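Read through the structure below, which is laid out as structure tokens, and then see the notes.
The values are calculated or read from the model by the stated rules, or taken from the named source; none is laboratory data. The structure presented is a predicted model; accordingly, all values stated were derived computationally and were not measured. Cβ placement follows ideal geometry from the backbone for every residue including glycine, while neighbour counts extend to all protein chains displayed.
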Amino acid sequence: MDLEIYYFSGTGNSLHVARELQKRLPEADLIPIVSLLDQKFIETNGETVGLVFPIHVAMVPAPVMKFLKKLNLNSAEYIFAAATRAGWQHRAFIDVEGILKKKGKSLDSFFNLNMVGNNPRFEGWHAATAEEIADLESEVQNKLDYIQKIVINKEKSREKDTEFTVPMPAFSILSLILPLLNKMYNVEFYSDSKCVGCGTCEKVCLSGKVNIVNEKPLWQKDVQCFFCHACLNYCPEQAVQIRSTRFLKSYTESNGRYSHPYATVDDIAGQK
């Protein structure tokens, strides 16, 4: 079957899932979403179209929403979505469905895959152990086998989410709460004294926000951040940090980092 899988991945979880789906689905083409964002209109060619992306605090990542709004799905007869997450309950599929309905389409199937979280900003976060990663990976592989059968047979699968580990408020008030939280806890990225000016953060920055100036990273204020945390997690010196702009409190200096074991700097940067 003609199948296209569009993916967005900051630290490799969604890239890994997209690659594993490609192994299971005949003739599937992997297409990075970031590479298409500058186009005014985006045309699909697949009869089956898949979307793979992470959950960003219970929502669809901003670049994925931008991509969907530009997407022409006239060729698509079957559409599915797979969301990677750190256990968060979310409204992402509701939001995707809202965009698709305006195009005369709908999500035929959607799936959640619980994986290691990549945001050391949150209190209680810790760098996952090899054992924790392996346990989650075993569950992911089983879920991918299930997804393979559903997609190949073009079956409907819109099951209620029973696998979340982090509950969220009712969806009706979630859209009101998140903007308030973002305003209260607005954050910024910066580099500390461990920075050696290697340029990795600039290389993996998917939005183009990071520039190296005088051998130090500069997060440009006029460029929208995708909050993919690639710059944070791929820094070889763990010199990239996050702090609150309101309280000037660092969230990450004492925490570890996470990137998917099978996703390299070049893999992430290659999406551009």
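A few points about this structure:
- Strands (runs of 3 or more DSSP E) (entirely within the stretch 190-245) containing at least 1 residues that are within 18 Å of GLY117 (Cα to Cα) and not assigned by TED's automatic domain parsing to the domain that holds SER35: 240-244
- Residue selected from the stretch 37-53 under the condition without any contact (Cβ under 8 Å) to a residue 60 or more places away in the chain and within 16 Å of the chain's Cα centre (by Cα), by the criterion nearest to HIS90 (Cα to Cα): PHE53
- Summed over the stretch 108-148, residues that are β-branched (Val, Ile, Thr), assigned to a loop (DSSP other than H, G, I, E, B) and surrounded by 12 or more Cβ atoms within 10 Å (Cβ to Cβ) total 1.
- Evaluation of LYS105 against the conditions (1) assigned to a helix (DSSP H, G or I); (2) farther than 23 Å from LYS272 by Cα; (3) of a type in the set (D, E, K, R) shows that the sole unmet condition is (1).
- Residues in the stretch 246-270 that are acidic (Asp, Glu) and either at pLDDT 95 or above or not in a loop (DSSP other than H, G, I, E, B) (or both): ASP266, ASP267.
- Looking across the stretch 1-53, just one residue is assigned to a helix (DSSP H, G or I), buried (at least 18 other Cβ atoms within 10 Å of the Cβ) and of a type in the set (Ser, Thr, Tyr), and that is SER14.
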